[in-house]
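Engineer: I'd like to ask you about the structure that follows.
The values are calculated or read from the model by the stated rules, or taken from the named source; none is laboratory data. From a predicted model like this one, the values you see are computed outputs, not experimental measurements. Note: ideal-geometry Cβ built from the backbone for every residue, glycine included; neighbour counts use all protein chains shown.
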Amino acid sequence: MDRKEILEGLIEVLKTIRTIDPAKLENVTEETDFLADMNAPSTELINIAVKVEQKFDVEFEDDDIDNLGSKVKDVIDLIILAKERG
Amino acid sequence: MPVAGRKVAVVGMGGAFPTCTGVADFGEKLFAGKSMIRSWDKALAYGKQIRSTVAGFITEEEMDLEAVYNVASAEYPETYIDKKGRIPDINLATADMGSIWAMIGAKESIEMAGWTEAETRSEGTGVVIGSGGAGHVILRNAWHGFFQEGRKSRAAGSHTVDRAMVYRDAANVSCYIKNRGVCESIGSACATGLGNIGYAYRLIKFGLQDRAICGGVEGTSLETFIGFDGMQVLSKGFAPEESSRPFDLQRNGFVCSFGGGIVALEEYEMAKARGAHIYGVIDEYFNNSDGDGDMFAPSFAGQHRLWAGLAEGARIKPDVVKVHGTSTPIGDIIELLCVTDVLGEEGYHVSAPKSQFGHMLGAAGSVEFIAALLMLENQKVSPCLNSSTLNTEPEAFQLKEGWTGPVKPVSEYRHLLPQETIEKEINQIVCLNYGFGGTNSAIAVSRDV
């Protein structure tokens, strides 16, 4: 699964987060910031992480989430890392 | 302490009422003598595990809400969609069902009150709302995922605290209306709804706030229902509309119901000055405890002291006494005998609205306070449904040594218990509610004249 496919899957996840304005999801890139660009409440990052775990069938370590950045690329990096760790 | 000359007006109301589309529909059903109690499919689904299967419940669809379920649990409503667009998604994300009803009730109350955005968001506006139960629907699923399925704590999402904490209803309403005054919850079991209104009344009467959004809610929850079902205290064996029968000889328990009642209170002169419609003026609120160490049993002496305390702060001469009247074997008659002992046997009527919609637990006091406001507004007394047969013999406790109350059987008070709506001049109503722990509460509300 390449980064583009992961990004598409991630956008599908973000569409299910009711507190994110769907209009903000139209031009998402890896540099998009969940907090600054999507106005997502910081508590929603956990919900995004949980939904990503379910969608991509991976499990993150607690430290991964503690240290997670707020950009789309940070989440994609983490998904790839988690998949490599198996 | 009370500030001399400072009075408190009720200027708005709203909420969630079983089978009703809103306050207006609630009022119509109330005076049409209709029952809001139905057979509950969610209880029936558990077959022999559950004893009582009737309730005054409200579904998500009936409130124009749609649950969004968590992918890990088909029973866990991760958040809700408001199909009418009343509540923003950001507020829905932090709310359980009861908190959403509280926000809807707050919105309706503020619209009815006609408060400006500046007034609503001022330091003079407080929020005081509570529930009888915890956020059971949220907690059950969060705990099940962690303890039974071995999931990470985060699997239930990041909103289990805000959606289940004790003062979630008040907190959600405060975040929604953005007031800058107090935000608190009073918890007093089945007296919660009235307790929150009483506390908010004091905040205004004592000069601490000018306005308050207050009341109680109890979101539909089978988890809450089964707690009472397990105590064997719920009504059983009647058709749904006949299940709640305060004072009737055949009564065998209360009907567990759900709902929400929110009211807008405002300092009287402020409300008057801006030409607000005043639905009632609160004369006094009083609450106390039985002091007999009994968690459950109603206390004749405790209720007597309740009336005495209420009368210390205001002239009490009600045209209607809105009783707690749950339809349980002991509670109803002790309450009625205390009322007659205090007020005499003539000159007022007793209204028992739980006969129409059951016992809404933490919302009971506030929804029934709204029923009382509607009685004042319409000059009608709602009927005591199903009180068809009154005991012609004294109750066993009336014959015991040490009983100091009236010894007449309840059938002697038939004239106080209308079975159909009656129209009459109503200037003052006293509302009574009690709760586990031996807590008693009373409020007197009058027509603005």
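Engineer: Would you say B:E78 is surrounded by fewer than 21 Cβ atoms within 10 Å (Cβ to Cβ) and of a type in the set (D, E)? Explain how you work it out, then say what you get.
Structural biologist: On the way: surrounded by fewer than 21 Cβ atoms within 10 Å (Cβ to Cβ): no; of a type in the set (D, E): yes.
Judged against the criteria, B:E78 is not a match.
Engineer: Starting from residues that are among the small types (G, A, S) and in contact with a strand residue (DSSP E or B) (Cβ under 8 Å, 6 or more places away or on another chain), keep the ones in segment B:72-105 and report whichever is nearest to the other protein chains (Cβ to nearest Cβ).
Structural biologist: Taking the candidates together, the pick is B:A93.
Engineer: Return the total of residues in segment B:337-367 being within 13 Å of B:L416 (Cβ to Cβ) and outside any helix (DSSP H, G or I).
Structural biologist: 9
Engineer: Go through (1) over 26 Å from A:E53 (Cα atoms); (2) within 26 Å of the chain's Cα centre (by Cα); (3) in a loop (DSSP other than H, G, I, E, B) and name the single condition B:V161 misses.
Structural biologist: (1)
Engineer: Quick check on B:Y69: is it within 14 Å of chain A (Cβ to nearest Cβ) and of a type in the set (S, T, Y)?
Structural biologist: Answer is yes for this residue.
Engineer: While we're here: Considering only segment B:211-230, state which residues are closer than 15 Å to B:T125 by Cα and touching a helix residue (DSSP H, G or I) at 6+ places or on another chain (Cβ under 6 Å).
Structural biologist: Scanning segment B:211-230 gives B:A212, B:I213, B:C214, B:G215.
Engineer: Of all residues in segment B:212-232, which are in contact with a Phe, Trp or Tyr (Cβ under 7 Å, 6 or more places away or on another chain) and part of a strand (DSSP E or B)?
Structural biologist: Passing the criteria: B:V217, B:E218.
Engineer: Would you point out which residue out of B:A118, B:A134, B:A67 is surrounded by fewer than 24 Cβ atoms within 10 Å (Cβ to Cβ), within 30 Å of B:L203 (Cα to Cα) and at pLDDT below 95? Before the answer, list the steps.
Structural biologist: Numbers: B:A118 fails: at pLDDT below 95; B:A67 fails: within 30 Å of B:L203 (Cα to Cα).
Within the list B:A118, B:A134, B:A67, the selection yields B:A134.
Engineer: I'd like the full set of residues that are touching a residue at least 24 places away in the same chain (Cβ under 8 Å), facing chain B (nearest Cβ under 10 Å) and not polar (S, T, N, Q), limited to segment A:24-49.
Structural biologist: A:E44, A:L45, A:I48, A:A49
Engineer: Assuming B:R154 fulfils every condition listed in (1) in contact (Cβ under 8 Å) with a residue 12 or more places away in the chain; (2) more than 17 Å from B:S122 (Cα to Cα); (3) more than 17 Å from the chain's Cα centre (by Cα) apart from one, which condition is it?
Structural biologist: (1)
Engineer: Let me ask you something else. Among the residues of segment B:378-399, are any crowded, with 18+ Cβ neighbours inside 10 Å and among the acidic types (D, E)?
Structural biologist: Within segment B:378-399, one or more residues are crowded, with 18+ Cβ neighbours inside 10 Å and among the acidic types (D, E).
Engineer: Hey, could you check segment B:234-261 for residues that are polar (S, T, N, Q) and within 20 Å of the chain's Cα centre (by Cα) and say which is surrounded by the most Cβ atoms within 10 Å (Cβ to Cβ)?
Structural biologist: Going through the qualifying residues, I end up with B:S244.
So that you can scan it fast, the table gives a plain yes or no per residue for (1) closer than 19 Å to B:T404 by Cβ; (2) in contact (Cβ under 8 Å) with a residue 40 or more places away in the chain:
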residue: B:I278; (1), (2): no, yes
residue: B:F286; (1), (2): no, yes
residue: B:M295; (1), (2): no, yes
residue: B:A311; (1), (2): yes, no
residue: B:T326; (1), (2): no, yes
residue: B:T340; (1), (2): yes, yes
residue: B:K354; (1), (2): no, yes
residue: B:A364; (1), (2): no, yes
residue: B:E368; (1), (2): no, yes
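Engineer: Among all residue pairs at least 6 apart or on different chains, which show Cβ distances below 8 Å where the first residue, located in segment B:399-424, is in contact (Cβ under 8 Å) with a residue 40 or more places away in the chain and closer than 30 Å to B:M375 by Cα and the second is part of a loop (DSSP other than H, G, I, E, B) and polar (S, T, N, Q)?
Structural biologist: These pairs meet every condition: B:V410/B:N391; B:L417/B:S387; B:T421/B:S382; B:E423/B:Q379; B:K424/B:Q379.
Engineer: Residues of segment B:200-229 being of a type in the set (A, V, I, L, M, F, W, C) and either surrounded by fewer than 24 Cβ atoms within 10 Å (Cβ to Cβ) or under 18 Å from the mean Cα position of the chain (by Cα) (or both), which ones?
Structural biologist: Selection gives B:A200, B:L203, B:F206, B:L208, B:A212, B:I213, B:C214, B:V217, B:L222, B:F225, B:I226, B:F228.
Engineer: Show me the strands (runs of 3 or more DSSP E) entirely contained within segment B:243-336 in which 3 or more residues are closer than 25 Å to B:V127 by Cα.
Structural biologist: B:259-267, B:280-289
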